[in-house]
Amino acid sequence: MRRVAWGITGGGQYLAESVRAMREVAAQHRVCTFVSKAGEEVLRMYGLLEELREISGGGYLEEIFLESESGRSFPMTGRLMIGRYDLLLIAPATSNTVAKIACGISDTIVTNAAALAEKAQVPVLVLPTDVREAVTRAPYAVNREMCNACEICPPQTACPQGAISGDGVRSIDLMRCDGCGTCLPLCSSSAIDAVRMNVRRRGIDQRNIEMLRERGYTILESPEEIPEAVAKTATGRHPPSAGA
Ligand SMILES: Cc1cc2nc3c(=O)[nH]c(=O)nc-3n(C[C@H](O)[C@H](O)[C@H](O)COP(=O)(O)O)c2cc1C
């Protein structure tokens, strides 16, 4: 059994697949989650925050630590320095997080965890987004050209989060939307959809990933690799000690 620290950042690509992989990993290993602020927002937009809470038992080393509740110094990432985890896995890892780690910046809960893991020689596995050209599903949005501006908008009335606003053409407030999809079948003009986006590769992302690889990080190519990669990773080098 591995004790896994799992960083989740605000990447829509591979997010659902990463949560699925987490469910598989959590069946055999202990998984403690560290979620960046953007990660929390994007998890909610895709309707995955509750699923994450369901997967995570919440017991010792199976907690969810949200950056939004972790102050500026992220005290719980300190566990990586005292041998509490066998590995840190960051999946998905946004371009932003990869770039920060490449430059040694540690000002989010996930980049901070990476910095401490590296200092403590705890193995770090990273699944970067946007490495391959791919189609990613965006959160739900109203297609303004298709919206009929109905006087009574059933999706608006039914949205449990009150996330749909306007009295003409409607719009969805993604800071409120929790991706439940209640609205989808209720729109008579099918104006609500999750747009597919084409993501093109950027050279800068490739270079940042190479910098991580050179520093000994394991770079994963796809979420399907996660369960085996976790099982294969040698355990951390720190003996357990008293504390957090
Ligand atoms: C719905 C949605 C999906 C996103 N998907 C990605 C993505 O796949 N890759 C990426 O690099 N950034 C993506 N972003 C942008 C990041 O969330 C943003 O750069 C954020 O600042 C990253 O912060 P973090 O790295 O601390 O999580 C997405 C944003 C939104 C709103």
Quick check, is Gly47 out of contact with any Lys or Arg (no Cβ under 9 Å at 6 or more places or on another chain) and open to solvent by 30 Å² or more (accessible area, probe 1.4 Å)?
yes
Of all residues in the stretch 69-83, which are open to solvent by 20 Å² or more (accessible area, probe 1.4 Å) and either out of contact with any helix residue (DSSP H, G or I) (no Cβ under 9 Å at 6 or more places or on another chain) or without any contact (Cβ under 8 Å) to a residue 24 or more places away in the chain (or both)?
Glu69, Gly71, Arg72, Ser73, Pro75, Ile82
Checked against (1) in contact with a helix residue (DSSP H, G or I) (Cβ under 7 Å, 6 or more places away or on another chain); (2) in contact (Cβ under 8 Å) with a residue 60 or more places away in the chain, Gly47 satisfies every condition except (1)
Matching residues in the stretch 185-200 - criterion: being open to solvent by 60 Å² or more (accessible area, probe 1.4 Å) and either touching a residue at least 60 places away in the same chain (Cβ under 8 Å) or not in a loop (DSSP other than H, G, I, E, B) (or both):
Pro185, Leu186, Asp193, Val195, Arg196, Met197, Asn198, Arg200
Unique residue being outside any helix (DSSP H, G or I) and not assigned by TED's automatic domain parsing to the domain that holds Leu174 when the list is Arg53, Arg84, Arg79
Arg84
Counting only residues in the stretch 84-100 that are among the aliphatic types (A, V, I, L, M) and more than 15 Å from Ile226 (Cα to Cα), the one surrounded by the fewest Cβ atoms within 10 Å (Cβ to Cβ) is identified as Ala99
Could you look through the stretch 116-157, keep only residues that are of a type in the set (S, T, N, Q) and open to solvent by less than 30 Å² (accessible area, probe 1.4 Å), and pick out the one that is nearest to Ser188 (Cα to Cα)?
Thr136
Do you know which residues across the stretch 25-40 are within 16 Å of the ligand (Cβ to nearest atom) and either within 22 Å of Arg3 (Cβ to Cβ) or open to solvent by 70 Å² or more (accessible area, probe 1.4 Å) (or both)?
Thr33, Phe34, Val35, Ser36, Lys37, Gly39
List the number of the failed condition for Thr9; all other conditions in (1) among the hydroxyl-bearing types (Ser, Thr, Tyr); (2) open to solvent by 10 Å² or more (accessible area, probe 1.4 Å); (3) in contact (Cβ under 8 Å) with a residue 40 or more places away in the chain hold.
(2)
Could you tell me which of the residues Ala38, Ala5 is modelled with pLDDT of 95 or more and assigned to a strand (DSSP E or B)?
Ala5
Give me the pairs, please: first residue somewhere in the stretch 97-110 and more than 10 Å from the ligand (Cβ to nearest atom) and in a helix (DSSP H, G or I), second residue anywhere and at pLDDT 95 or above and charged (D, E, K, R), beta-carbon distance under 9 Å, and either six or more positions apart or on two chains.
Ala102/Arg207; Ala102/Glu210; Ala102/Arg215
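The values are calculated or read from the model by the stated rules, or taken from the named source; none is laboratory data. Model, not experiment: these values are computed from the prediction. Positions of Cβ are backbone-derived with ideal geometry, glycine not excepted, and every protein chain shown enters the neighbour counts. Please note that ligands, DNA and RNA were not included when accessible areas were found on the heavy atoms of the full protein model with its side chains. Shrake-Rupley method; radii C 1.70, N 1.55, O 1.52, S 1.80 Å.
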